[in-house]
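Input: a single structure, listed below in structure tokens.
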Amino acid sequence: MFRFLLESLVRRPLPEPLSPLDLEPGAELAGAIRRRLGRSLAIREVDAGSCNGCELEIHALENPYYDAERFGIRFVASPRHADMLMVTGPVTHNMREALQRSYDAMPAPKWVVALGDCAKDGGCFAGSYAVVGGVEAVLPVDLQIPGCPPPPAKILSALLTLLR
């Protein structure tokens, strides 16, 4: 054990190489956000009943590897400050009203993004007694991002498609 500790102090860290494919949509996305809004894109993320897999990928957007804030994407705590409502998971009966209230509190114009297979159509939770269905069962959806869960690069690419 002591040997491993000494080796870790002497050896240089081995960072993961940055793939240009992961960040390819980033610069283009920053330009699209500036052209469309003239400022940063504010996103309110709502978990409507998911397994938290999609939330992990959303959190990965904020880590130093992707750093979505440098592209002009920031996550906000209040729907009153949001341009976009990003919903993960199937909409449960308990979250239906809260999701509708969040949408109603957003200023116009507003976008709704269904992130992941569960938000799209209920995913593996479809048909459950506790689930209303996908986000479209409650709100008008502007963009669906498929995947279980979709990787951060795919989320960035999909947001770029919406903002074009």
**Fill in**
Note on the chain, DSSP bridge orientation, antiparallel percent to nearest 5 equals 10
**Complete:** In the list [x] 247; [y] 143; [z] 124, the entry giving volume of the Cα convex hull per residue in Å³ computed from the coordinates is [y]
**Request:** Quick one: pull the percent of accessible area on the chain belonging to carbon and sulfur, 1.4 Å probe, ligands and nucleic acids left out.
**Result:** 56
**Message:** How large is the accessible surface of Cys148 in square angstrom, using a 1.4 angstrom probe and rounding to the nearest 10?
**Reply:** 100
**Fill in**
Taking the dipole of the chain about the Cα centre (Lys, Arg +1; Asp, Glu -1; charges at Cβ), the one of Leu85, Ala30, Gly127 that reaches farthest to the positive side is Ala30
**Message:** Can you show me the helix-derived [θ] at 222 nm for the chain, built from DSSP H runs with n ≥ 4 at -39,500 (n - 2.57) apiece and divided by the number of residues, rounded to the nearest 500.
**Reply:** -12000 deg cm²/dmol
**Amide H within-cut-off set for Leu41, under 5 Å, with H built and near neighbours excluded** = Ile73, Arg74
**Message:** Over region 1-145, with the other protein chains present, what is the accessible area per residue in square angstrom, probe 1.4 angstrom?
**Reply:** 58
**Message:** List the residues, sorted by chain then number, that are 5 or more residues from Thr92 or on another chain and whose placed amide H is less than 5 Å from its amide H.
**Reply:** Val132
**Request:** Note down the net charge around Glu62, summing +1 for each Lys or Arg and -1 for each Asp or Glu among other residues with Cβ under 14 Å from its Cβ.
**Result:** -3
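The values are calculated or read from the model by the stated rules, or taken from the named source; none is laboratory data. It should be emphasised that the depicted structure is a prediction, and the values quoted were computed from it without experimental measurement. Virtual Cβ from ideal backbone geometry, glycine too; neighbours counted across all protein chains shown. Protein only, heavy atoms only, side chains kept; ligands, DNA and RNA dropped before computing areas. Shrake-Rupley method; radii C 1.70, N 1.55, O 1.52, S 1.80 Å.
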